[in-house]
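We did not get these values from a lab; they are worked out from the coordinates using the rules stated. As the structure is a prediction and not an experimental result, all values here were calculated from the model. For neighbour counting, all protein chains shown are included, and Cβ atoms are generated from backbone atoms with ideal geometry for every residue, glycine included.
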Amino acid sequence: MEYEDDYSVTEEQKNACAVTCMRCMLEDYSRLMNHSFEEELKNFLASDTYDALFDFSTGLWREGPRYIMDWYLTNH
């Protein structure tokens, strides 16, 4: 779902936001699961949540790390 204000945000800015949220989420998640960041990054990159995060039309890139983690846990 596209929001009207999405047009004022560049693809580069959306990507930067998604990367920052992904990194923060994975730092928390790997600590929670007692796994290495690298291991969880590898798993996340193969997930539907990763695809949704970088499909900017979903709007997931606008959410915070905790929301993304909840999405990942639900769809993992």
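Points to keep in mind about this one:
- For Arg62, Arg23, order by how many other beta-carbon atoms lie within 10 Å, fewest first: Arg23, Arg62
- Helix content alone sets the calculated 222 nm mean residue ellipticity of the chain: runs of n ≥ 4 DSSP H residues at -39500 (n - 2.57) each, divided across all residues, give -20000 deg cm²/dmol.
- Taking every alpha-carbon pair under 8 Å whose residues sit at least 6 apart, the chain reaches a relative contact order of 41 percent.
- Labels on offer are [x] 3, 14, 20, 17, 10, 7, 7, 6, 6, 5, 3, 1, 0, 0; [y] 3, 11, 9, 11, 10, 8, 7, 6, 6, 5, 5, 6, 6, 5, 2, 0; [z] 3, 17, 28, 25, 14, 8, 4, 1, 0, and the one holding P(r) over Cα pairs in 5 Å bins from 0, in percent computed from this structure is [z].
- Neighbourhood charge, 13 Å Cβ-Cβ cut-off, centred on Ser30 and excluding it, Lys, Arg +1 and Asp, Glu -1: -2
- Phi to ³J(HN,Hα) by Karplus 6.51 cos²θ - 1.76 cosθ + 1.60 over the range 23-29, Hz, x for Gly, Pro: 4, 4, 4, 5, 4, 5, 5
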